[in-house]
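See structure below.
No value in this document is a laboratory result; all are computed from the given coordinates. Source: prediction; values computed, not measured. Please note: Cβ atoms are built from the backbone with ideal geometry, for glycine as well, and neighbour counts cover all protein chains shown.
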Number of protein chains: 2
Amino acid sequence: MGENGSPERLGGSVRKVTLADVAAKVGVSAITVSRALRSPEKVSKTLQRKIKKAIADLGYVPDPAARALASGRTNVIGVLIPSVTNNVFSDVMRGMYEAIEPTTFDLQLGNTRYSPLMEEDLLKVFLSQKPAGLVITGIDQSKTARTMLQSATCPIVQIMETGPNPIDMMIGFSHYDAAAAATTHLIDAGSRFPAFVGARMDPRTQRRFAGFKDTCERAGVFSRERLITTPEPSTVTLGASLFANLISQQPEIDAVLCNNDDLALGILFEAQRRHMAIPEELMICGFNDLEMMAVAEPPVTSVRTHRHEMGRRSIEMLVRQIENPDAEASKIIDLGFDVISRRSTARRGPRLGS
Amino acid sequence: MGENGSPERLGGSVRKVTLADVAAKVGVSAITVSRALRSPEKVSKTLQRKIKKAIADLGYVPDPAARALASGRTNVIGVLIPSVTNNVFSDVMRGMYEAIEPTTFDLQLGNTRYSPLMEEDLLKVFLSQKPAGLVITGIDQSKTARTMLQSATCPIVQIMETGPNPIDMMIGFSHYDAAAAATTHLIDAGSRFPAFVGARMDPRTQRRFAGFKDTCERAGVFSRERLITTPEPSTVTLGASLFANLISQQPEIDAVLCNNDDLALGILFEAQRRHMAIPEELMICGFNDLEMMAVAEPPVTSVRTHRHEMGRRSIEMLVRQIENPDAEASKIIDLGFDVISRRSTARRGPRLGS
DNA sequence: CTGTTAGCGCGTTCAC
DNA sequence: GTGAACGCGCTAACAG
C-alpha cells in the first residue's frame, strides 16, 4: 500500500484523519472529497472510486462538529418527548426509529418530564444545534417555546394530538373525541355509574376527562364523586390502589374509564382480587390499547391509538419537508382512534392440558 | 438600552448572536466572555455580572459545534442500548436521566436493535462526536467495536452484565447466577419438570438459559424438550402462545422460568384462561421484576434486578471519571439480584365492596 | 467536473 | 485578571 496506509499514531493517541489526509492520498483537493461524500453526482466515477478506497484505508470519519460549523446545518432530528420511559411513547419511538433508519438523519431524544420549563430548556439546547427538523409532543408549549419554535428555520411536527393552531405540521388525534367515544361505549353497554381514573393530569388527560364528563352529562350519569386522580405518574400498582379507594367510597360504580392501560390493568388485578365479575359487575376500559390488553384474562377493552404510525409518519413528514422544502404537504393529519371492545375467551369448562 | 438590545434580524431570519456580540456589548474581548462561561473563577465578579446580563439581554446561546471543534471535546455522554423501547431499559434510562440532570452533561441515546453491526456503526458515529463518556450495553461487542472502544480516549462503562474483561468500567450482575438462583427456587419449591421460555436468544438470555440448564442437570430434572424459544422479541402475547404450544407438547410441566416478565405475564394469562391453579399446578417465575409483577393477581415470582440503580450509577461513574480522570475508582460493580417469591393475597371469601 | 479562497464560532496558547 | 493571534475540520461561493 501507499506511503501511509493506516491511521498514524502519535504518542499513543490516534491523530484524527481529516478530509485533507484523504485528499492528499488521492491527490485531489479537500473540497473534492467533501463533494464525493455529499453529492457524488458532481464527481467523476473514477475519483469516486479512488476516494472511497482512500476513505476506507485511512478509516476517515467526518467530523460532525466541523460540518455543522461550516454549513450551519446538521443531520439531527430532535425529538422532545415527555417521558422516554413510558410505554405509550415507546411505540411512537419505535415508529420513529423505523422511519429514520433508511435516511441519513439521526434522531436525538430529549426528555421533558412533562414539564414545560424543561421543554423550553431542551428546546434551546436543540435549536442551538441547528437541527434538520424537530418533533415535539402535544400542543401545550409555553409561550416562550412557541415563539422559539415559530422563529426556527427547520420543519417542525407536533405529535400525539391535533388542534387548531399548528406551529408547522401536526399528526395525532383528538383525545377529547376518543374519551367521549369510549364513554359512549360504556354507557351504551349499560353503565349508569361510570367512573374516571386518571393519575397525573397532564393536558391530554384533562382533555380526555372533558370528553368523559361531557358525554356523561349528556346522558345524565355524571358525578364528580366518581373521579379519582393523583399527582403521581401512572403505574399498574397505582391503578389497583386508586380503584380500591374509589370503590370503597362509591360502591355503586359499574364501569371505569382509565386514562391509560397501566391503570386499567391494575384495576383488573384489584377486581380479580375482590372476585368481581368482569364485565358483569364492572366494565373496564383502558386507553392506548397496549399489546398486552388483547391477551389479558379477562381481556380489557381499550381505545386503540395509532402510535407506531404516528411516530413513523412524523419522521417521514419531516424528512420530506427537509429534502423538498417547497413541496406542498398536508399540515395536519388526524390519525383517529378505535374503541376495541373485548370479552373473555376463557374456557367455561375445567382445566385443559393434563 | 444600548445600541443593540435584541437579536437583530436580517431579512426575517435571526442572525446568530455570538460570543463576539456579547463581548462587544460589554466592552471586553470574546475570550473573557468564554471564560466567564466555563471558568468563572478566572474572571472578576464585576465582569461576571455584566457579562451575565449581556448574555441574557442578547439571548446568547453557545454554539456546541464551534465549541466541539475548537476544544476537541463535547459534553455529550453517548448511550448505546439494544432497544430504547424495552421496559427493562426504560428503568435503566430513567436512572440515567436522574443522574445526568444535576450535571452539565447531555445524554445521547443510540438504538442498536440487538445487532452487533448496528452497534459498530453507531459507535463510529458516537466516537466521531468526541463524547465525554460512553455507556454500552453488555459484554458481547464485536471485535471491531472492542478495538474502537479500547482506543477511545473517554471513560466507558459497560452495563447490564459483569464479566472478566472490562473495556474500562462495568456495572451489572451475573445473568447465569440469577437464572441459577431462580431455578433453584423452583426446584426447592417442588418442581420436577421445570421449563424455560425465552424469545429472542440474545447473549444475556443464553447465559440465563445456561444457568437454568446447569442447575436442572445438577438436580437431575433437565430436559431439552422443555425449552421453547423463537427469533421474535418478547411480548405478553408471545408468552401466552409459546406457553400454549409448550404445554400441549409437554403437559407434565409444573414450573416455568421465563426470560422476562412480559413472557411471564402472558403465561399467567394463558394459565388463567385454562383455569390452571397457580402456583399449585404451575409455578411461574419471571425475570426483571417489573413494577406490575407485584400487583398481578395471582402475583408472579420474579428475579429482581437493580436496573434503576444501574443506570444512575453508570452515569455517576462516568461523570466522576470525566471530572477527575486520575482518581482511582472501582472498575467492576456487581449489583446482584434478588429472587422475589410471591403468593396470592386474594380474599378467599366472596366479593367485597357492594 | 475540479480548485481557490475565505470563514463558520469558539478555545488554546501564549503574552501582558 | 485579561487579550491577540491562530487554528480546529469542514463547506459556501465563486472561479475556471
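Once the label point is set 7 Å along the Cα-to-beta-carbon vector, what list of distances in nm do you get between A:VAL125 and its counterparts in the other copies?
1.8
Going by a ≥ b ≥ c, the root eigenvalues of the Cα gyration tensor, does region B:238-280 fall in the rounded group (a/c under 1.5), the prolate group (a/b larger than b/c) or the oblate group?
Here region B:238-280 falls in the rounded category.
Provide the packing ranking of A:69-76, B:218-225, i.e. peptides ordered by the mean count of other C-beta atoms within 10 Å per residue, highest first.
Descending mean neighbour count gives A:69-76, B:218-225.
Starting from the exponent 0.38 and prefactor 2.2 Å, build the expected Rg for region B:19-80 from its residue count and divide its actual Cα Rg by it.
Relative to the 2.2 N^0.38 Å estimate, region B:19-80 comes out at 1.22.
Spin-label point model (7 Å from Cα, Cβ direction): what's the B:THR46 to A:SER115 distance in nm?
Label-label distance for B:THR46 and A:SER115, simple model: 3.7 nm.
What is the spin-label model distance, in nm, from A:LYS124 to B:SER330 if the labels are put 7 Å beyond Cα along the C-beta direction?
Computed distance between label sites A:LYS124 and B:SER330 equals 3.8 nm.
Once the Cβ-Cβ distance between A:SER241 and B:SER248 is put in as r, and R0 is 30 Å, what FRET efficiency do you end up with, to the nearest 0.05?
Efficiency computed from Cβ-Cβ geometry: 0.20.
Which lysines have a Cα lying under 23 Å from the Cα of B:LYS45, excluding residues fewer than 8 positions away in the same chain?
Here the lysines satisfying the reach criterion relative to B:LYS45 are B:LYS25, B:LYS53.
With angles folded into 0 to 90 degrees, how steeply does helix B:87-100 sit against the dominant principal axis of chain B? Use alpha carbons for both and round to 10.
30
Please report how far the C-alpha centroid of region A:161-211 lies from that of region A:112-140, rounded to the nearest whole angstrom.
The two parts, judged by their Cα centres, are 24 Å apart.
Quick one: which of A:260-267, A:84-91 comes out on top by average Cβ neighbours within 10 Å, and what's the full order, highest first?
A:260-267, A:84-91
Measuring nothing but label to label, 7 Å from Cα along Cα→Cβ, what are A:ASN245's distances to the other copies in nm, shortest first?
Distances to the matching label points in the other copies: 4.4 nm.
What does the average come to when, for each residue of peptide A:292-301, you count the partner chain Cβ atoms lying within 10 Å of its Cβ?
5
Please compute the average number of Cβ atoms from other chains found within 10 Å of each residue's Cβ in peptide A:60-68.
Per-residue shielding by partner chains comes out at 6.
Mind giving me the nanometre distance, one decimal, between the label points for B:THR18 and B:GLU101, set 7 Å out from Cα along Cα→Cβ?
Placing both labels 7 Å beyond Cα along the Cβ direction yields 3.7 nm.
Hey, can you rank A:131-137, A:42-48 by average C-beta count inside 10 Å, highest first?
A:131-137, A:42-48
Assuming a ≥ b ≥ c are the square roots of the Cα gyration tensor eigenvalues, decide whether the protein assembly as shown counts as rounded (a/c under 1.5), prolate (otherwise, with a/b larger than b/c) or oblate.
Because a/c hits 1.5 or more and a/b fails to exceed b/c, the protein assembly as shown counts as oblate.
Please give the contour-minus-distance gain from A:ALA66 to A:ARG224: 0.36 nm per residue of separation, less the Cα-Cα distance, rounded to one decimal in nm.
Net length gain for the segment: 51.0 nm.
Which of rounded, prolate, oblate describes chain A, given a ≥ b ≥ c as roots of the alpha-carbon gyration tensor eigenvalues and a/c under 1.5 marking rounded, otherwise prolate only if a/b is larger than b/c?
Verdict is prolate for chain A.
Top mean-square fluctuation among A:ILE156, A:ILE247, A:ILE284, Gaussian network model of chain A, C-alpha springs under 10 Å?
A:ILE247
Determine the shielding of peptide B:195-204 by partner chains: average, over its residues, the number of Cβ atoms on other chains within 10 angstrom of each Cβ.
0
I'd like the distance separating the alpha-carbon centroids of region B:54-106 and region A:36-97, in whole Å.
So the two Cα centres are separated by 19 Å.
Count charges around A:GLN108 for me, please; just the other residues with Cβ under 13 Å from its Cβ, Lys/Arg as +1, Asp/Glu as -1.
That works out to -1.
Could you pull the copy-to-copy label distances for A:THR153, with points set 7 Å along Cα to Cβ, in nm to one decimal and sorted shortest first?
The projected label point of A:THR153 is separated from its counterparts by 3.1 nm.
Cβ under 12 Å from A:ALA99's Cβ, A:ALA99 left aside: what net charge do those residues give with Lys, Arg +1 and Asp, Glu -1?
0
Compute and list, largest first, the equivalent-ellipsoid semi-axes of region B:217-354 from the alpha carbon gyration tensor, each √(5λ) rounded to a whole angstrom.
36, 21, 14
Tell me what chain B gives for mean residue ellipticity at 222 nm when only DSSP H runs of n ≥ 4 count, each as -39,500 (n - 2.57), the sum divided by the residue total, rounded to 500 deg cm²/dmol.
Rounded to the nearest 500, the figure is -13000 deg cm²/dmol.
Nearest 20 debye, what's the magnitude of the dipole of the protein assembly as shown about its Cα centre given +1 on Lys and Arg Cβ and -1 on Asp and Glu Cβ?
1680
Given charges of +1 on the Cβ of Lys and Arg and -1 on the Cβ of Asp and Glu, with all other atoms neutral, how large is the dipole of region A:177-243 about its Cα centre, in debye to the nearest 20?
The dipole of region A:177-243 has a size of about 60 debye.
Treating only the Cβ of Lys, Arg, Asp and Glu as charged (+1, +1, -1, -1), what charge dipole size does chain B show about its Cα centre? Round to the nearest 20 debye.
That gives chain B a dipole magnitude of about 1160 debye.
Looking at A:PHE337, A:GLY286, A:GLY311, which one has the Cα that reaches farthest to the positive end of the dipole of the protein assembly as shown (charges on Cβ: Lys, Arg +1; Asp, Glu -1)?
Comparing the listed Cα positions along the dipole, A:GLY311 ranks first.
Given the options B:GLY286, B:GLY211, B:GLY59, which has the most mean-square fluctuation in a GNM of chain B, springs set between C-alpha atoms less than 10 angstrom apart?
Of the options given, B:GLY59 has the highest mean-square fluctuation.
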